[in-house]
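The values are calculated or read from the model by the stated rules, or taken from the named source; none is laboratory data. The shown structure was predicted, so the numbers you read here are calculated from the model rather than taken from an experiment. So basically every Cβ, Gly included, is an ideal-geometry build from the backbone, and we count neighbours across all protein chains shown.
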Amino acid sequence: MPFSKIANSIGASATLKLNAQAGRMRAAGEPVIHLGGGEPKSKAPDSAIEAGIEMLRSGEIRYTPASGTLAMKNAIINYTEKYYGRKVDPQNVLASAGAKQAIMVALIALVNAGDEVVYPVPYWVSYPEMVRLVGGTPVAVHAADGSFQPTVQEMIDAIGPQTKAVLLNSPNNPSGRVFDKEFLLGLIDHCEKNGVYVLMDDIYHRLVFDGRQPVHCYDCTDQSVDESRLVVLNGVSKQFAMTGFRIGWAVGPRDLIKTMSDIQSHQSGNPCSLSQHAAVAALEGDQGSVDNLRVELETNRDELVKLLREIPGLNVSVPEGTFYCFCNFRAFDRDSTRLAAYLLEKVQVVTVPGVEFGMEGFLRLSYCGDIDDIREGVRRIKWILDPDGAAELSVGDVVFTR
Ligand SMILES: Cc1ncc(COP(=O)(O)O)c(C=O)c1O
């Protein structure tokens, strides 16, 4: 094999693979229901679209500083003050091509070959591969009680002399779990005392339900941003429905941010200037679209949970935020890849196998799409998993058979 060891250790993103497969099925006219997606169906905010058009018309679409324009940084600074209660300087801020790139450059900046990066199970599918891409060793921490949040002690037990960083995502993709303050306090305290960086992937942080307030990492430290080991990662993809714009950011200690910016300057140059301009408008414009999205997601979540709970044998935890419900399907099949393939083949419903997130026997179902798709998807799943169900199920002109 002519490719590098790192290349050979990386698999394709399971979720992107499923998106592509669902797209192909749709294009072929099949009545596929996509409950595997990770982007809202709503449009980008008008302010962002107008700003983008205005800049395009100017014809001045140029390189920007590698770490982002001053306007972009100022928007992130204001956002950080508003939602995290911390006043940071431009030197604490890096804009990237999505939170994905911000996480990658943070890992390149921190991890030597063989260093470990620790994260709880279930985890976002990209974390293990991102750690492998920089030559690091991913360390996934399971909760002994099978829950979606290990204890502080379980996390601490996994942190050793080789650990460079802990990677946390709350609200969590795929579980929808919001990590509690006690967990963050205990973990951050341990990491700061031991020189371990905490990378907080907050990409869903305003998409929390039932009147909850997300717990922020800066509420869990007395250190200044520069002295702390905390790095906040965020972006416009999820909250502003701007996935294709590819704008994310990192806020952290200035020495780390400077290094990340140097890396990014050689890696991709700068985040797209047009997208930065649009993202500034989204961050500074009317925030109503984020509130609307949260309310819609909460309605969809309620409907999905209600319908799933009508399927005997399914173990459903109520997501506290995000776009996802992570359900225990072990009563039907302990092999989640096989079960997801079965649902796709038999009833054309796309779900994501839990094994991709480190938890076998679970499936991730998204509720960021259309509520009618959610209803129809669960109707089909319920039918095919019911051993006493009818022999056929009609969907328009199509008839599914067992
Ligand atoms: C937990 C998590 N972090 C980061 C990202 C990537 O976000 P972005 O589109 O800003 O790269 C995603 C996207 O699915 C995600 O679910």
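When you check Ala97 against the structure, is it within 14 Å of the ligand (Cβ to nearest atom) and in the same structural domain as Arg246 (by TED's automatic domain parsing), yes or no? The answer is yes for Ala97. Just a yes or no: is a residue in the range 144-154 surrounded by 19 or more Cβ atoms within 10 Å (Cβ to Cβ) and within 16 Å of the ligand (Cβ to nearest atom)? Yes, that holds for at least one residue. Residue count for the range 1-60 satisfying the condition of being farther than 18 Å from Gln239 by Cα, basic (Lys, Arg) and away from the ligand (no atom under 16 Å from the Cβ): 4. Within the range 122-150, residues that are more than 19 Å from Cys325 (Cα to Cα) and in contact (Cβ under 8 Å) with a residue 40 or more places away in the chain have Cβ atoms under 9 Å from residues that are among the polar types (S, T, N, Q) and in a helix (DSSP H, G or I) in these pairs: Glu129/Ser9; Arg132/Ser9; Leu133/Ser9, counting only partners at least 6 apart in sequence or on another chain. Out of all the residues in the range 24-42, which are of a type outside the set (D, E, K, R) and farther than 21 Å from Ile381 by Cβ? Selection gives Ala27, Ala28, Gly29, Pro40, Ser42. Filter the range 166-213 for residues that are of a type in the set (Gly, Ala, Ser), surrounded by fewer than 23 Cβ atoms within 10 Å (Cβ to Cβ) and under 13 Å from Pro150 (Cβ atoms) and give the result. Answer for the range 166-213, where residues must be of a type in the set (Gly, Ala, Ser), surrounded by fewer than 23 Cβ atoms within 10 Å (Cβ to Cβ) and under 13 Å from Pro150 (Cβ atoms): just Gly186. For the range 70-94, the set of residues classified as among the aliphatic types (A, V, I, L, M) and either closer than 21 Å to Glu227 by Cα or within 16 Å of the ligand (Cβ to nearest atom) (or both) consists of Met72, Ala75, Ile76, Ile77, Val88, Val93, Leu94, listed by residue number.
Every condition in (1) in the same structural domain as Met155 (by TED's automatic domain parsing); (2) surrounded by fewer than 15 Cβ atoms within 10 Å (Cβ to Cβ); (3) not hydroxyl-bearing (Ser, Thr, Tyr); (4) not in a loop (DSSP other than H, G, I, E, B) is met by Ala250 except one, and the failing one is (2).
Quick grid of which residues meet (1) within 13 Å of the ligand (Cβ to nearest atom); (2) under 21 Å from Pro120 (Cβ atoms); (3) of a type outside the set (Phe, Trp, Tyr); (4) not in a helix (DSSP H, G or I):
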site: Asp189; (1), (2), (3), (4): no, yes, yes, no
site: Glu192; (1), (2), (3), (4): no, yes, yes, no
site: Gly195; (1), (2), (3), (4): no, yes, yes, yes
site: Val198; (1), (2), (3), (4): no, yes, yes, yes
site: Arg206; (1), (2), (3), (4): no, no, yes, yes
site: Asp226; (1), (2), (3), (4): no, no, yes, yes
site: Asp255; (1), (2), (3), (4): no, no, yes, no
site: Thr259; (1), (2), (3), (4): no, no, yes, no
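Per the listing Val352, Val395, Val347, the residue uniquely in contact with a helix residue (DSSP H, G or I) (Cβ under 8 Å, 6 or more places away or on another chain), of a type in the set (A, V, I, L, M, F, W, C), more than 18 Å from Leu308 (Cβ to Cβ) and assigned by TED's automatic domain parsing to the domain that holds Ala20 is Val395. Any residue in the range 232-242 that is out of contact with any Asp or Glu (no Cβ under 9 Å at 6 or more places or on another chain), without any contact (Cβ under 8 Å) to a residue 60 or more places away in the chain and more than 12 Å from the ligand (Cβ to nearest atom)? No - not one qualifying residue is present in the range 232-242.
Confirm whether Gly211 is within 16 Å of the ligand (Cβ to nearest atom) and on the phi > 0 side of the Ramachandran plot. Taking the combined requirement at face value, the residue does not satisfy it. For the structure I just gave you, tell me whether Ala278 is of a type in the set (A, V, I, L, M, F, W, C) and in a helix (DSSP H, G or I). When the stated conditions are applied, Ala278 passes them. Cβ separations smaller than 7 Å between residues 6+ apart or across chains give the following pairs from the range 46-64 residues that are within 22 Å of Phe240 (Cα to Cα) to residues that are among the acidic types (Asp, Glu): Ser47/Asp286.
Residues in the range 322-338 that are within 23 Å of the chain's Cα centre (by Cα), touching a residue at least 24 places away in the same chain (Cβ under 8 Å) and more than 16 Å from the ligand (Cβ to nearest atom): Cys327, Asn328, Phe329, Ser336.
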